[in-house]
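The values are calculated or read from the model by the stated rules, or taken from the named source; none is laboratory data. All values reported here derive from a predicted model rather than from experimental measurement. So basically every Cβ, Gly included, is an ideal-geometry build from the backbone, and we count neighbours across all protein chains shown. Please note that ligands, DNA and RNA were not included when accessible areas were found on the heavy atoms of the full protein model with its side chains. Shrake-Rupley method; radii C 1.70, N 1.55, O 1.52, S 1.80 Å.
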Amino acid sequence: MYFIARISFLWLLICANIINAQLTPNFYARSCPKLHNIVRTTMALAVAREPRMGASILRLFFHDCFVNGCDGSVLLEDTPAFKGEKNAYANQNSLKGFKLIDIIKKNVEAKCKNTVSCSDILALAARDGVVLLGGPRWTVPLGRRDARFASLNAANVNLPPPTANLATLISIFASKNLTARDMTALSGAHTIGMARCSSYRSHIYNEANNINAGFVAARMSTCPSVGGDDNLAPLDMNTPNQFDNSYFRNLMARQGLLHSDQELFNGGSQDAWVRLYAKSNYALAQDFTAAMIKMGNISPLTGFNGEIRRHCRFVN
Ligand code: HEM
Ligand SMILES: *[C@@H]1O[C@H](CO)[C@@H](O)[C@H](O)[C@H]1NC(C)=O
């Protein structure tokens, strides 16, 4: 009797989990107890070798979540059935970190075969990258499954371009149920990583009235008005490999690298949040981590939907 009751209770739990489809931090506690350790150690090695990797993986996660939800779709190569997201405007010649995700996945598969999704690996790796660069820690809800499909078109429509104005930025994030405040806090990610000349050229050459003169001169020296499209500049020139609130102080000093960055502090509705985050690392940590969890919750595949991909670049 007790045995049967126990079995049906377990079934109830399992079914409730599937129907409820909530992500939970201890999703792999039994099936892959070493998961967190494997992701963290692999990320630590990679970030020690090339600090920018922390930034690249964080961006990869953002670009995954904003296109059909956090489902690993960004990792897929083109197939005869669909054109993937890697060649979308915002991604081509720009997204990095795919090889590192492959390495983490390989290390995870070696200990826990066919168990952990690529989308969850990406979510954990993004958090670890931030922490490794000195940023705040948050607990990552898990249990996402991987998409069998990716969409070039959805990527072109859903990812914000650096030319976007504040209203457009707010509405793109609103379409993912993220508030303007979430958007501003999440933009704090631009305290790490690099951008290509082609992403910020028009900002430094055509908006001289809205940008610090010394900053413009420095940026023009490595970003000519013609050519040098792939020349890199740090999104935060003060501490490019440190996850801190310096990005927001830059905005207040009119040293935003992208047009979209400076839009957050240009006499509009987000000025007050920029001022707060520039002043308080604590407020930034609170809002950034809360918004990362919200972003990580965008339309995950759970239960019987999707699959646990064996290789992150290919559907099974
Ligand atoms: C608010 C709208 C956003 C726009 C318009 C935007 C745009 C961009 C652009 C144009 C670049 C440089 C790409 C290149 O030139 O190769 C970039 C880099 C980056 N973005 Fe954003 N971004 C936004 C929000 C976010 C969010 C929400 C995150 C993460 C939470 C994020 C994380 C990053 C990181 C870490 C990099 C540097 C990547 C690297 O060095 O590999 N961005 N972003
Ligand atoms: C946003 O919220 C609405 C209403 O709750 C929901 O129908 C929609 O699926 C959500 N969108 C995303 C991308 O989560």
### Query
Looking at the stretch 96-122, which of its residues are in contact with a Ser or Thr (Cβ under 7 Å, 6 or more places away or on another chain) and under 11 Å from Cys32 (Cβ atoms)?
Cys112, Thr115
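Quick check on my filter: what residues within the stretch 142-165 are touching a strand residue (DSSP E or B) at 6+ places or on another chain (Cβ under 9 Å) and surrounded by fewer than 20 Cβ atoms within 10 Å (Cβ to Cβ)? Break it down into steps so the answer makes sense when it comes.
Our first condition is that a residue be touching a strand residue (DSSP E or B) at 6+ places or on another chain (Cβ under 9 Å); within the stretch 142-165, this holds for 142-148, 162.
Once the filter is applied, which keeps residues that are touching a strand residue (DSSP E or B) at 6+ places or on another chain (Cβ under 9 Å) and surrounded by fewer than 20 Cβ atoms within 10 Å (Cβ to Cβ), the stretch 142-165 yields Arg148, Pro162.
Quick one: in the stretch 128-140, of everything that is of a type outside the set (A, V, I, L, M, F, W, C) and open to solvent by 20 Å² or more (accessible area, probe 1.4 Å), which residue is farthest from ligand 1 (Cβ to nearest atom)?
If we take residues in the stretch 128-140 being of a type outside the set (A, V, I, L, M, F, W, C) and open to solvent by 20 Å² or more (accessible area, probe 1.4 Å), then Thr139 is farthest from ligand 1 (Cβ to nearest atom).
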### Summary
Matching residues in the stretch 229-281 (in contact with a Lys or Arg (Cβ under 8 Å, 6 or more places away or on another chain), open to solvent by 60 Å² or more (accessible area, probe 1.4 Å) and not in a loop (DSSP other than H, G, I, E, B)) number 3
### Message
Given the criteria open to solvent by 20 Å² or more (accessible area, probe 1.4 Å), more than 16 Å from Ala125 (Cα to Cα) and within 16 Å of the chain's Cα centre (by Cα), does Lys96 qualify?
### Response
no
### Message
Need pairs with beta-carbon distance below 6 Å; first residue in contact (Cβ under 8 Å) with a residue 12 or more places away in the chain and more than 8 Å from ligand 1 (Cβ to nearest atom) and within the stretch 158-171, second open to solvent by 40 Å² or more (accessible area, probe 1.4 Å) and assigned to a loop (DSSP other than H, G, I, E, B); sequence gap 6+ or separate chains.
### Response
none
### Number of the exception - Pro160 against (1) touching a helix residue (DSSP H, G or I) at 6+ places or on another chain (Cβ under 9 Å); (2) part of a helix (DSSP H, G or I)
(2)
### Task
State which residue pairs qualify: first residue on the phi > 0 side of the Ramachandran plot and inside the stretch 88-105, second residue open to solvent by less than 20 Å² (accessible area, probe 1.4 Å) and of a type in the set (S, T, N, Q) in any location, beta carbons under 9 Å apart, and separation of 6 or more residues or different chains.
Gly97/Ser56
### Query
Would you call Leu45 part of a helix (DSSP H, G or I), open to solvent by 90 Å² or more (accessible area, probe 1.4 Å), at pLDDT 95 or above and farther than 12 Å from Cys112 by Cβ?
yes
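Might you check whether a residue that is among the aliphatic types (A, V, I, L, M), on the phi < 0 side of the Ramachandran plot and touching a Pro at 6+ places or on another chain (Cβ under 9 Å) occurs anywhere in the stretch 247-263?
Just the residues of the stretch 247-263 that are among the aliphatic types (A, V, I, L, M), to begin with: 251-253, 257-258.
So of that shortlist, the ones also on the phi < 0 side of the Ramachandran plot come out as 251-253, 257-258.
Of the ones still in play, those that are also touching a Pro at 6+ places or on another chain (Cβ under 9 Å) are 257-258.
Yes, the conditions are met somewhere in the stretch 247-263.
To keep it simple, each residue is scored yes or no on (1) touching a Leu at 6+ places or on another chain (Cβ under 9 Å); (2) open to solvent by less than 20 Å² (accessible area, probe 1.4 Å).
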residue	(1), (2)
Ala180	yes, no
Thr191	yes, yes
Cys197	yes, yes
Tyr200	yes, yes
His203	yes, yes
Ala213	no, no
Ala218	no, no
Gly227	no, no
### Query
Of all the residues that make up the stretch 158-184, how many are closer than 23 Å to Ser202 by Cα and within 11 Å of ligand 2 (Cβ to nearest atom)?
1
### Query
For Thr302, are the conditions met, namely being open to solvent by less than 40 Å² (accessible area, probe 1.4 Å), touching a strand residue (DSSP E or B) at 6+ places or on another chain (Cβ under 7 Å) and among the β-branched types (Val, Ile, Thr)?
yes
